[in-house]
Amino acid sequence: MDNDVYGHMNNVVHYSLFDTAVNGWLIENGALDIHAGGQIGLVVETGCRYFAEMAFPDVVTAGLRVARLGTSSVRYEVGLFRNDENEAAAEGFFVHVYVDRQTRRPKPLEASLRAVLESIA
């Protein structure tokens with residue numbers, strides 16, 4: 001399902017990869033508990049620029065950085081690299097607003113989350 005009728009990766013897959021890269025990194029670094037954490041990130045904005053085609057079965061690697069760290073929001077920037085190429089095939093961004101899991105109201109980033117995010121800012 002990754003490739004569309006034109007034989008390259010469908011644009012919706014890029015956004016899925018952004019989500020996986022961000023949340024996977026947060027989970028690996030102990031900054032996100034998707035099942036029981038009191039604070040969760042809601043996506044409020046995304047975008048992508050495409051430079052080269054990718055297609056299944058290419059191996060895609062994501063590079064991640066924090067471009068902006070606010071009181072309750074984070075702008076991640078993600079580069080998607082095809083196979084062993086040094087130039088990104090696509091670059092995107094992903095903005096999370098962190099909210100209380102129950103109320104869904106914004107709240108300041110928890111100190112432990114902020115520390116992890118600062119490590120790639």
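The values are calculated or read from the model by the stated rules, or taken from the named source; none is laboratory data. Nothing here was measured: the structure is a model prediction, and the numbers come from that model. Reconstructed Cβ throughout: ideal geometry from the backbone, glycine too, with neighbour counts over all protein chains shown.
So if I check each of Val116, Val78, which one is part of a strand (DSSP E or B) and of a type in the set (Val, Ile, Thr)?
Sole residue among the options that is part of a strand (DSSP E or B) and of a type in the set (Val, Ile, Thr): Val78.
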Identify all residues within region 58-75 that are of a type in the set (A, V, I, L, M, F, W, C) and either out of contact with any Lys or Arg (no Cβ under 8 Å at 6 or more places or on another chain) or not in a loop (DSSP other than H, G, I, E, B) (or both); write none if there are none.
-> Val60, Ala62, Leu64, Val66, Ala67, Leu69, Val74
From the list Thr61, Thr46, which one is surrounded by fewer than 18 Cβ atoms within 10 Å (Cβ to Cβ), polar (S, T, N, Q) and within 11 Å of the chain's Cα centre (by Cα)?
-> Thr46
Extreme residue, modelled with the lowest pLDDT, among residues of region 11-36 that are assigned to a loop (DSSP other than H, G, I, E, B) and surrounded by fewer than 16 Cβ atoms within 10 Å (Cβ to Cβ) | Ile34
Among the residues of region 81-102, which ones are of a type outside the set (D, E, K, R), touching a residue at least 24 places away in the same chain (Cβ under 8 Å) and not in a loop (DSSP other than H, G, I, E, B)?
-> Ala90, Gly92, Phe93, Phe94, Val95, His96, Val97, Tyr98, Val99
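Take Ala55 and decide whether it is of a type in the set (A, V, I, L, M), in contact with an Asp or Glu (Cβ under 8 Å, 6 or more places away or on another chain), part of a loop (DSSP other than H, G, I, E, B) and surrounded by 13 or more Cβ atoms within 10 Å (Cβ to Cβ).
Working: of a type in the set (A, V, I, L, M): yes; in contact with an Asp or Glu (Cβ under 8 Å, 6 or more places away or on another chain): yes; part of a loop (DSSP other than H, G, I, E, B): yes; surrounded by 13 or more Cβ atoms within 10 Å (Cβ to Cβ): yes.
Here the answer is yes, as Ala55 does meet what is asked.
Residue by residue, here is whether (1) touching a residue at least 40 places away in the same chain (Cβ under 8 Å); (2) of a type in the set (D, E, K, R); (3) more than 21 Å from Arg101 (Cβ to Cβ) holds:
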residue	(1), (2), (3)
Val12	no, no, yes
Val22	yes, no, no
Ala31	yes, no, no
Val44	yes, no, no
Gly70	no, no, no
